[in-house]
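Engineer: Below is one structure. I have some questions about it.
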Amino acid sequence: MPDFTTRVLPISPDSPQPESIREAASILAGGGLVAFPTETVYGLGANALDAQAVARIFAAKGRPASDPIIVHLYDLAQLPTVAVNIPDLAYELAQQFWPGPLTLVLQRNDNLPANVSAGMATVAVRMPSHPVAVALLRAADLPIAAPSANRFARPSATTAAHVLEDLAGRIDCILDGGATVIGVESTILNLTKDQPVLLRPGGITMETLRNIIPDLQLVSKHLHEDEQGIEAPGMLYKHYSPRAELQLFNGAADVLLPAMRIRAIEQIERGKRVGFLLPDSEVASVSDLPVETVNLGATESEVSHNLFSAMRSLDQAGVDVILVHGFGQSGLGLALWDRLLRAAEGHIIEV
Ligand code: TXA
Ligand code: MG
């Protein structure tokens, strides 16, 4: 139930207007919540040094207190204020990939309230590159805790309209800088273990990271809520989910579409409304069926840019079931597979 009005401040994504940035920064300094675009998805920001402000993030999102939040910086000089015992590898990675879509898990500095990290001894940190995010972080001159700006378990928000859909009346302000570019979240790398571990594939690909960390491995993709000792407490199944049931198909290209068509017809016969998420080249192959179709684009980066928005638009269209297949396991395909698998609650239909 909305309890107050959320202000929407339009802002240029390339040269953000200083007045709007100052206004948003003063809301953050006063303990309020501001949603802002990053190069990946919209973030929901609060002063990371203010435990009460951080608590408001959890409340606004309906996020469990066990799910830690990423802290955002604009300057490497801020890093020692949020992390301790920072390994050389962190500086090497920062040098190469910051600002940009890479998050590093480090040992937490006790300066930071424990609730940012869900009570853990570590902290996830990243330096975004989006000009609005950079300007806001600089003006606030504070480390800013910011999860994706969606209600818990919903697809991440890639436009201000998505943020409003989920959080209107629950947050103070949205800086509306248009659609984000990458569309899936940052890559998360844990540097607090003996070996660096990839916790979440994202905007910086595994292949790119392997240039610096040749033996880098992804943590088990099959995390379930009841599993013990999970590496990234927030990365449970049932995440990034549309309201409709998402059915994820996997198999050779020549058998995928025929199998998806058969499934669609079965579902329609059962009275279900069916939606397809398909790349450009495949949209025509279901045009004879009474289904909703969203075109994801032609390239991996277009699919990544469109994916969450496409899930939300099929929800808006009121479908019961969404049929989709993966886009390989290399490059951005790995991040897409991870998001689709979680949206499908871990179920894969092998064909
Ligand atoms: O691209 C992004 O990373 C976006 C933008 C806004 O920066 N943020 C984002 O935050 O995706 P969020 O909260 O939706 O996802 C961050 C995930 C959490 O679910 C949690 O699993 C993991 O990061 N995480 C955060 N702190 C961690 C920590 N100390 N150790 C392990 N995992 C952590
Ligand atoms: Mg999220």
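Engineer: One-quarter of the Cα convex hull surface for region 245-350, in nm²?
Structural biologist: Directional mean of the projected Cα hull area for region 245-350 stands at 6.0 nm².
Engineer: Residues with beta-carbon under 14 Å from that of residue 12, excluding residue 12: net charge, scoring Lys, Arg +1 and Asp, Glu -1?
Structural biologist: Spelling it out: positives minus negatives among the neighbours equals -3.
Engineer: Can you tell me the FRET efficiency between residue 81 and residue 250 if r is taken as the Cβ-Cβ distance and R0 is 41 Å, rounded to the nearest 0.05?
Structural biologist: Calculated transfer efficiency: 0.40.
Engineer: Under a point spin-label approximation (7 Å from Cα along Cα-to-Cβ), what is the residue 215-residue 348 distance to one decimal in nm?
Structural biologist: 2.5
Engineer: Quick check: residue separation of residue 55 and residue 14 times 0.36 nm, minus the Cα distance between them. What number comes out in nm?
Structural biologist: Gain in length upon complete extension: 11.6 nm.
Engineer: Which distance in Å, rounded to a whole number, links the C-alpha centroids of region 118-153 and region 312-351?
Structural biologist: 26
Engineer: Restricting to Cα pairs below 8 Å that are 6+ residues apart, what does the relative contact order work out to for the chain? Please round to a whole percent.
Structural biologist: It rounds to 20 percent for the chain.
Engineer: For every other residue with a beta carbon closer than 14 angstrom to the beta carbon of residue 249, add +1 if it is Lys or Arg and -1 if Asp or Glu, then tell me the sum.
Structural biologist: Taking every Cβ under 14 Å from that of residue 249, the sum is -3.
Engineer: Which far-off residues, 5 or more places away or on another chain, put their amide H under 5 Å from the one on residue 6, with H placed in the peptide plane?
Structural biologist: Here 169 satisfy the definition.
Engineer: Got a sec to turn the phi values of region 273-280 into Karplus ³J(HN,Hα) couplings, 6.51 cos²θ - 1.76 cosθ + 1.60 with θ = phi - 60°, whole Hz, x for Gly and Pro?
Structural biologist: Residue by residue, region 273-280 yields 8, 10, x, 10, 9, 9, x, 2 Hz.
Engineer: Largest first and in whole Å, what are the equivalent-ellipsoid semi-axes of the chain based on the Cα gyration tensor, each being the root of 5 times an eigenvalue?
Structural biologist: 33, 24, 18
Engineer: Can you work out the PRE-style zone for residue 7? Point 7 Å along Cα to Cβ, and I want the residues of region 167-201 with backbone N under 19 Å.
Structural biologist: 167-178
Engineer: So, one more: Determine the share of region 245-350's accessible area contributed by carbon and sulfur atoms, expressed in whole percent, with a 1.4 angstrom probe.
Structural biologist: 49
Engineer: Still on this structure, I have one more. In whole Hz, with x marking every Gly and Pro, tabulate ³J(HN,Hα) for region 171-184 from phi via Karplus 6.51 cos²θ - 1.76 cosθ + 1.60, θ = phi - 60°.
Structural biologist: 10, 7, 7, 10, 8, 8, x, x, 6, 6, 7, 6, x, 10
Engineer: Would you please give the residues with an amide H less than 5 Å from that of residue 48, counting only those at least 5 places away or on a separate chain, with H modeled from the backbone geometry?
Structural biologist: 144, 145
Engineer: Which far-off residues, 5 or more places away or on another chain, put their amide H under 5 Å from the one on residue 247, with H placed in the peptide plane?
Structural biologist: 322, 323, 324
Engineer: Which length gain, in nm to one decimal place, applies between residue 298 and residue 110 when the Cα-Cα distance is subtracted from 0.36 nm times their residue separation?
Structural biologist: Contour length minus Cα-Cα distance gives 63.1 nm.
Engineer: Expressed as a whole percent, how much of the Cα-Cα distance distribution for region 100-199 exceeds 24 Å?
Structural biologist: 30
Engineer: Put a dot 7 Å past each Cα toward the Cβ at residue 193 and residue 283; how far apart are the dots in nm?
Structural biologist: 4.1
Engineer: For the chain, which DSSP H helices look membrane-span-like by this rule: Cα extent along the axis of 20 Å or more and mean Kyte-Doolittle of at least -0.5?
Structural biologist: Taking the DSSP H segments of the chain (at least 20 Å long, mean hydropathy at least -0.5), we get 253-269.
The values are calculated or read from the model by the stated rules, or taken from the named source; none is laboratory data. Keep in mind the model is a prediction, meaning the values are calculated, not measured. In this analysis, Cβ positions are derived from the backbone assuming ideal geometry, glycine residues included, and neighbour counts consider all displayed protein chains. With ligands, DNA and RNA removed, areas are computed over all heavy atoms of the protein, side chains included. Shrake-Rupley method; radii C 1.70, N 1.55, O 1.52, S 1.80 Å.
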